[in-house]
Amino acid sequence: MRLLKTEGSHFAEWQPQLVDFRGEDYAILSHRWLENANDEVLFADIQMIDDGGNDPTTGRRRLKFIFNPGHRHQSPQTKPGFAKLRGAARQALNDGYDFIWIDTCCIDKSSSAELSEAINSMWMWYSKSTICYAYLQDVPGGLDGLATGLNSKFAQSKWWTRGWTLQELLGPFDVVFFTEMWDPIGEKKSLSNDIVSITGIGMDVLTHARRLESVSVARRMSWASQRRTSRVEDLAYSLMGIFSVNMPLLYGEGERAFLRLQQEIMKDSDDESIFAWVDSSADPNSYSGLLATHPSAFARSGDIIYYKDFEDREPYVMSNRGLSITLHLSRAQDGTFAAALHCPTPQTGEGFLAVYLRRLGKNGQHYARVKCARLGTLDRRGALEKVYVRQSHPTHELDTVLPYHYFNLRHLHTGTTPQEKYILENAKSDPLLQFVPQVSLPVNPTSHATSWVRPGFPPMLRVIRGASKLSAVLLFAEVEPEAASNRILLMLGSISSTQVGYDARELSANEVPATLQLCNFESSFRPRPADAVTWIELDNYHIKVEIEAQVDGSNQLFMTDVTISKISKITPLQALGQVFSDRLEPFVPTRLPTMKKEKPGGRKIWQRLGRNG
């Protein structure tokens, strides 16, 4: 740890000098960095970085100077941030402090090891400082800047929105706020009512009357929920001291830093309020883990507490199967489970808060969090069950690889008229590819298919994986054909070892084989992707197959929806008439036509009176 010497900061020719920390009392600065970090006075701008320490005979600092080998030979006085640096040093000198710590120049950020050590130690450095100066550079000097209250410049300062300033507010016992002109606004203690209103932090925490460790994880997270940092990783790194954890810095990991922070918290805390977050933008059916991905998920968790030492519990740990945790589960009517947390309902202080889980698979232990936009409440808890919840639940695309892949026939969509209906007349798949005894059937085999799949033919077909591999053929016919209509042969199979597809052919009555055999169609199988935009146009029909991938335990299910639509055939004359009818608007008379009687020998003429308006 290095400190900035305040001696001489009153003079215009003052040259900043750093020294190694040797146990002296020191002031510390809390501020916002300038938009361009290079405008600040950095470590490389300081020429002298130590004076050799105290003289053992006099007890005072030696006049032996050690020069900064990384000095850029640029005068710090020329930088926009010098006035802030000098103002902080001068304020500390006026208050009787020989040293002040300022993050811009006291950390050599070119050294990743030193930067990591500094960030992991920063809470301790702020907590052990004798006084902290909070410099609000966007609060003007004068009477306007000294005013307080929720509508004041003080309350609207961006200092309250930054991630790092949270620990700089909570760590030191004494914090003094200053305007841009270094006019004192007030101390943390005297301004505590305003600070409580601005931050939501309790008075007892601000004044150090309550230990920070006794505050629930959710509540502490809520204090950071509206704060921002220049780098997304710093949202997590700036909270390490508040949760008494240390972890290596990995800039570039993005939001994973916040997940690592929560994992570190769980290693030393069984406070289940860490799971009491909500994501108001989440789809109710989307899958999530039990840990939040961003502090903003705790914005509405400021009143959540936890039952401390309520009962003996199994420890929960992160494993290669996900978060392993034992929870009381209550089954809901929609098939989800309400998992009770050891947190009372905030409004009553009784009962239990709950998160919603959905079981993945028929009888497995894997679950995912759903309905993340809200928390549930329970008066009584369900059975205790050990579950595994993975943090990430990627969408299972068509290229997901699992031990067993199956087509699961689901919907048959037909044409636009009630008369246009189709039935599955015949089907064939290799019997060796149907379910084997040791493979569990998926949950809720599709009941929709029973209305159009012929008896004796299973609606679930094993996928043969490989390039252009045929798995099954389905023969469709019209229920009420106008004449001897053709048949539609739908072929299902694989495009590659990981992707499924389909092909289709139209067969005349003479081409329909007496018995369907896969080998008769394998050579002509040319699969194409099964999606919402790919159609196959035959002579008389349009065919489309859509696939929705689902996972049930070790089974990859391709929920298969088939659409068959008859192509409308019209003559050229009908087509020409249709073109003209599309261009002409119908004539509606404004009054009844009159018939004029001609002279003998003449003819009757109908006159149209009026036109369309």
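Label point of residue 384 set 7 angstrom out along Cα-Cβ; within segment 301-323, amide nitrogens under 11 Å from it belong to 311-315. Distances longer than 20 Å among the Cα atoms of segment 227-318: what percent of all pairs is that? Result: 41 percent of Cα pairs exceed 20 Å. In this structure, the residue pairs whose Cα-Cα separation is over 26 Å, taken from 5/109; 109/158; 128/153; 5/189; 158/267, are 128/153; 5/189; 158/267. When the alpha carbon gyration tensor of segment 98-160 is reduced to an equivalent ellipsoid, its three semi-axes come out at 30, 13, 11 angstrom, largest first.
Students often check this: by mean Cβ neighbours within 10 Å, which of 248-256, 122-130 ranks highest, and how do the rest follow?
Details: 248-256: 13.4, 122-130: 19.0.
Those peptides, ordered most packed to least, come out 122-130, 248-256.
If R0 is 51 Å, what FRET efficiency do you get for residue 477 and residue 314 from their C-beta distance, rounded to 0.05? Don't skip to the answer; put the middle values down first.
Values: r = 59 Å, r/R0 = 1.16.
Using R0 = 51 Å, I get an efficiency of 0.30.
Per-residue packing, averaged as other Cβ atoms within 10 Å, sorts the ranges 403-410, 386-393 into the order 403-410, 386-393, beginning with the highest. One way to sum up the overall shape of segment 190-269 is the equivalent ellipsoid from its Cα gyration tensor, whose semi-axes run 25, 16, 9 Å, largest first.
Once R0 is set to 56 Å, what does the formula 1/(1 + (r/R0)^6) return for the Cβ-Cβ distance between residue 203 and residue 498, expressed as a FRET efficiency to the nearest 0.05? The partial results should precede the final answer.
Values: r = 59 Å, r/R0 = 1.05.
Efficiency for this residue pair is about 0.40.
Candidate cross-link partners of residue 188 among the aspartates and glutamates, defined by an alpha-carbon separation under 16 Å and a same-chain spacing of 8 or more, comprise 168, 174, 204. Restricting segment 307-387 to chymotrypsin sites (Phe, Trp or Tyr not before Pro) that sit in a DSSP loop and have at most 15 other Cβ atoms within 10 Å of their own Cβ leaves 307, 310.
Residue ranges 325-333, 374-382, 203-211 sort as 325-333, 374-382, 203-211 when ordered by packing (mean number of other C-beta atoms within 10 Å per residue, highest first).
Find how much the distance from residue 457 to residue 392 grows on full extension, using 0.36 nm per residue of separation minus their present alpha carbon separation; answer in nm with one decimal.
Value of the extension gain: 19.7 nm.
Full extension of the chain segment joining residue 183 with residue 143 gains 13.4 nm, where the gain is 0.36 nm per residue of separation less the Cα-Cα distance.
First check a/c for segment 269-371, with a ≥ b ≥ c the square roots of the eigenvalues of its C-alpha gyration tensor; if it is under 1.5, answer rounded, and if not, answer prolate when a/b is larger than b/c or oblate otherwise.
Details: a/c = 1.41, a/b = 1.19, b/c = 1.19.
Rounded, because the longest to shortest axis ratio a/c is under 1.5.
FRET efficiency for residue 190 and residue 554, Cβ-Cβ distance as r, R0 = 56 Å, nearest 0.05? Intermediate values should be presented prior to the final figure.
Working: r = 64 Å, r/R0 = 1.15.
That pair, residue 190 with residue 554, gives E of 0.30.
Subtracting the Cα-Cα distance of residue 95 and residue 539 from 0.36 nm times their residue separation leaves 150.6 nm of extension gain.
Just so you know, all these numbers are worked out from the coordinates, no wet-lab data involved. Just so you know, these numbers come straight off a predicted model, no measurement behind them. Cβ atoms come from the backbone with ideal geometry, glycine included; neighbour counts cover every protein chain shown.
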